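Reviewing the structure listed below.
None of the figures in this text is laboratory data; all of them are computed from the coordinates on show. Everything numeric here is computed off the predicted structure, so don't read it as measured data. Note that we place each Cβ from the backbone using ideal geometry, even for glycine, and neighbour counts take in every protein chain shown.
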Amino acid sequence: MNLGRFPRISLAHLPTPLEPMDRLSDFLGGPRLWIKRDDCTGLATGGNKTRKLEYLLADAMEQGADTIITTGATQSNHARQTAAASARLGLPCHIVLEEPAFEPSESYRTNGNILLDRMFDAIIAPRPNGSDMDAEMETLAEQLRGEGATPYVIPGGGSSPVGALGYVGAALELVYQASEIGLAIDHAVHATGSAGTQAGFVAGLEAVNAGIPVRGFCVGRPSAEQDAMVIELAERTCSHLGLPGLVKPSHIETDDRFIGEGYGFPTPGMIEAVTLLARTEAILLDPVYSGKAMAGLISMVRDGAFRAEDNVVFLHTGGVAGLFGYPDAFSSAD
Ligand SMILES: *Cc1c(COP(=O)(O)O)cnc(C)c1O
């Protein structure tokens, strides 16, 4: 596999650190926990979408695009990183944002990611909850074409075979870092939403035969649906890489036990995880993705899912800006 043959624009601070979380490991009394700091990709408070955007925006430039369109929730980390990357490249960026399924607080509507979107001069188009966001983006693209623009539409979460290449690269980076310090990784876990992170990450791990099982903690969809999405995208990513059939359905594992009421709804486990990571490791998680994934990891440790000598890596996918959209969830944390 030669990742270097795919066009890429440098946007991220790489490699991101791989660090032990000894105070958290001691507190939980479980296996040795590690963290891969993709919250430190650098662009506009960081996060996992930056790795995907390196490939997506290179593809946009190759196709002669002069305008970017993408979609997400009001507090979308993906929309924020896309707005930032577009600003860096001097491209206008339209973000079509789906309003939440809950009554949003003032902070949710104006702070966190949406504040940063405005900072990067993104053109914000809100849509009611439940809208067909792909259709909304296509309508907007059509309108912009009519005005003479050449828009490039990035799917929600940047999850396409091109975007997933970013996480193929992240897997190779992690395997290399681990070998440099003589670390044998037994398990890896992370949050899974639009599926590109898990699809690319598993494809990259399989490409080097790393033998590291990955669990994706769902943030919205039930496991069966999420599995199908990840498998489908992993298969298309492998074909794009020239390695068709590399990822098998048996390589994809997701866990939907920590979603709570639904996408973006706070849960007690998330609040515990976010505050515990802050107080033991001074690491900031986010309320929608990494906080729920960490709640899942903590629960697995407590359930004895790992051996004491295991090395478990938590892939921190970022989202810290989202914390500022949810101050009320933490107002009673003590
Ligand atoms: C988008 C996102 C994820 C999920 O990644 P996908 O590639 O969409 O599955 C996880 N964590 C954070 C913070 C995100 O913004």
Given H placed 1.01 Å from N in the peptide plane, which residues other than close sequence neighbours of I123 have an amide H under 5 Å from its amide H? C93, H94, I95
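Using alpha-carbon pairs under 8 Å, 6+ residues apart, how would you state the relative contact order of the chain in percent? Don't jump to the answer; show the numbers that get you there.
On the way: 704 pairs, mean separation 75.5, N = 334.
This gives 23 percent for the chain.
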Would you calculate a helix-derived [θ] at 222 nm for the chain, using -39,500 (n - 2.57) for each DSSP H run of n ≥ 4 and dividing by the full residue count, to the nearest 500? -13000 deg cm²/dmol
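Label region 1-133 by shape, choosing from rounded, prolate and oblate, from the square roots a ≥ b ≥ c of the eigenvalues of the Cα gyration tensor; if a/c is under 1.5 it is rounded, and otherwise prolate applies when a/b is larger than b/c, oblate when it is not.
Working: a/c = 2.31, a/b = 1.20, b/c = 1.92.
Cα axes put region 1-133 in the oblate bin.
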Filter the GluC sites (Glu not before Pro) in region 118-199 down to the DSSP loop ones having no more than 16 other Cβ atoms within 10 Å, then list what survives. E147
State the Kirkwood hydrodynamic radius of the chain in Å, one decimal place, computed from all pairs of distinct Cα atoms. 19.9 Å
Sequence ranges 152-159, 273-280, ranked by mean other-Cβ count within 10 angstrom, highest first: 152-159, 273-280
Please find the FRET efficiency linking D303 to E232, where r is the Cβ-Cβ separation and R0 is fixed at 22 Å, and quote it to the nearest 0.05. 0.15
Would you work out the relative contact order for region 49-158, in percent, from Cα pairs under 8 angstrom that are 6 or more residues apart? 38 percent
Return the sequence-ordered ³J(HN,Hα) values of region 184-194 in whole Hz as given by the Karplus equation 6.51 cos²θ - 1.76 cosθ + 1.60 applied to θ = phi - 60°, using x for Gly and Pro. 9, 7, 8, 8, 9, 9, 6, 7, 10, x, 7
Once you place label points 7 Å from the Cα toward the Cβ at A135 and R5, how far apart are they in nm? 4.0 nm
Are there DSSP H segments in the chain that both extend 24 Å or more along their axis (alpha-carbon positions) and score a mean Kyte-Doolittle hydropathy of at least -0.5? List them, or say none. 161-180, 223-241
Label-point separation (nm) for A278 and E103, each offset 7 Å from Cα along Cα-to-Cβ? 2.5 nm
